[in-house]
Amino acid sequence: MRTHQRARTTSALITLALALTAVVTGGVGTAAAAPDPGPRTTAATLVWSDEFDGPAGAAPNAAYWNHETGNHGWGNNELQNYTNSRANSALDGNGNLVITARREADGSYTSARMTTQGKVQPQFGRIESRIKIPRGQGIWPAFWMLGSGFPQTQWPDSGEIDIMENVGFEPHMVHGSLHGPGYSGGNPLTGSYMHPQGWSFADDFHTFAVDWSPGSITWSVNGVAYQTITRNDTRGNPWVFDQPFFMILNVAVGGQWPGYPDGSTQFPQQMLVDYVRVYSQDGTGSGGGGERAGTITASNGICLDVAGAAQANGTPIQLAWCNGNQAQRWTVAQDGSLRAFGKCLDVADGATAAGSRVQLWDCNGSGAQRWTHVNGSQALRNPQSGRCLQPVGRAQNDGTRLEIADCDGSSVQRWILP
């Protein structure tokens, strides 16, 4: 299922009397769960969702979802061939996406793996899905995320957030994990959640979520939190989760962790997904009022970076692979400025010509430090010059400096803000 090898990898916000939070540092936390109460009432703002409404047999929305295909084992000696066939992923006409794992006539297995890479890549907030998982020995359903820099930033440096994983030999248990540099594969930061009655999670829908903020992630099932992992729990290794991530839904067959189907495993097996939703962290919505802080990423997932983490006036601004450093933490201020280290993203000398470089400079309220995030194109436009931010030479590479250029709506001028 993954792009790497491991032995064991491993909502709306509501307060429940039964809630229990377990903070883990590579160990396992378990908590009793309440039955899924269904739709929730929340003060947070829904900023994106796919409700999977559509006719039976329709393909998932291609504006949101990619299909990854292949039968190369996916780093875990898995058996399935992932396809883009409607036999393996389709809407059911009742508001669900159905991912179907099948045993074909020749004895091979097919399934589907869908990602939002390059299309929907949230950073922080509540990431939530209501799912009825499949069952059976060797069946491995998951709802998870990878850092937007992947594969240019290789796993595990890219970061992985497993919101929900289940292996068929543990029908009553789901797992939530983090993988990063120094804590990956068979040694992640992880916790487990047991059904309160010991029943199979495949018997009904359940809501799986993470509440994700800078330096902290909390997992929940049906609104009951069962573990929190923070940057202090990484065993002294880097925390790589303060960046955009894309979402993944898939059902694997076989692999080193779940083992392989046996005579008890029935096919086909289906994972039903009622919805996937993203809520804002602070209730403002994406692009809402108030200041927001985090990484600013280009369309290929690379980060806007202050060169050398220097704080002197005139320090160049560049692209760099996301690393969670302070040099990549930007504040989107209410006055239209973009700030790092308390200084502003500035067009050098207040220039307006195409090709003028950008730099870090003391904030002064000038037009050279004003930026507008354009709806649709996602360009960062400097109103004073009428031009847009892009990498020099239009190259989205590590170390490429930034300039202003004529706005053209191209992907190299697309920026994702916190």
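Read-outs throughout are calculated quantities, based only on the coordinates presented, and are distinct from any laboratory measurement. All of these numbers come straight from a predicted model, not from anything done at the bench. We place every Cβ from the backbone using ideal geometry, glycine too, and count neighbours over all the protein chains shown.
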What is the fewest-to-most order of TRP321, TRP219 by other Cβ atoms lying within 10 Å of their Cβ? TRP321, TRP219
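Rounded to the nearest 0.05, what FRET efficiency do GLN154 and SER264 give with R0 = 51 Å and r taken as the Cβ-Cβ distance? Could you check? If you can, show how the numbers build up before the last one.
Numbers: r = 37 Å, r/R0 = 0.73.
Computed FRET efficiency for GLN154 and SER264: 0.85.
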Kindly state, to the nearest 0.05, the FRET efficiency for ASP362 paired with ASN325, given R0 = 22 Å and r defined as their beta-carbon distance. 0.55
Considering only DSSP beta bridges where both residues belong to the chain, give the percentage that are antiparallel (nearest 5). 95
If you take the beta carbon distance between LEU46 and ASN94 as r and set R0 to 22 Å, what does 1/(1 + (r/R0)^6) give as a FRET efficiency, to the nearest 0.05? 0.55
Distances over 27 Å make up what percent of all Cα-Cα pairs in segment 191-338? 43
Note: ASN232 to ASN71 extended length (0.36 nm per residue) minus current alpha-carbon separation gives 54.2 nm
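Can you run the Rg to Rh ratio on the chain? Use alpha carbon positions and the Kirkwood inverse-distance Rh. Let's see the in-between values first.
Working: Rg = 22.1 Å, Rh = 22.2 Å.
In the chain, Rg relative to Rh is 1.00.
Kirkwood Rh, Cα Rg: Rg to Rh for segment 67-154?
Numbers: Rg = 14.4 Å, Rh = 14.9 Å.
Ratio of gyration radius to Kirkwood radius for segment 67-154: 0.97.
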Taking all pairs of distinct alpha-carbon atoms in segment 292-416, Kirkwood radius in angstrom: 13.9
How would you classify segment 46-279 from its alpha-carbon gyration tensor, with a ≥ b ≥ c the square roots of the eigenvalues: rounded for a/c under 1.5, else prolate if a/b is greater than b/c, otherwise oblate? rounded
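What is the fewest-to-most order of THR115, THR315, THR372 by other Cβ atoms lying within 10 Å of their Cβ?
THR372, THR315, THR115
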Stretchable slack from ASP106 to ALA59, in nm (0.36 nm times residue separation minus alpha-carbon distance): 14.4 nm
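When THR230, THR400, THR295 are ordered from fewest to most other Cβ atoms inside 10 Å of their Cβ, what list results?
Numbers: THR230 15, THR400 19, THR295 24.
Listed from fewest to most nearby Cβ atoms, that is THR230, THR400, THR295.
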Sparse-neighbourhood loop sites, chymotrypsin sites (Phe, Trp or Tyr not before Pro) in segment 90-157 - DSSP loop, at most 14 other Cβ within 10 angstrom: none
So how far, in whole Å, is the C-alpha centre of segment 59-102 from the one of segment 286-355? 37
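Using 0.36 nm times the number of residues separating ASN84 and VAL392, minus their current alpha carbon distance, what extension gain do you get? Intermediate values should be presented prior to the final figure.
Values: separation 308, 0.36 × 308 = 110.88 nm, distance 3.70 nm.
Taking 0.36 nm per residue and subtracting the Cα distance, the gain is 107.2 nm.
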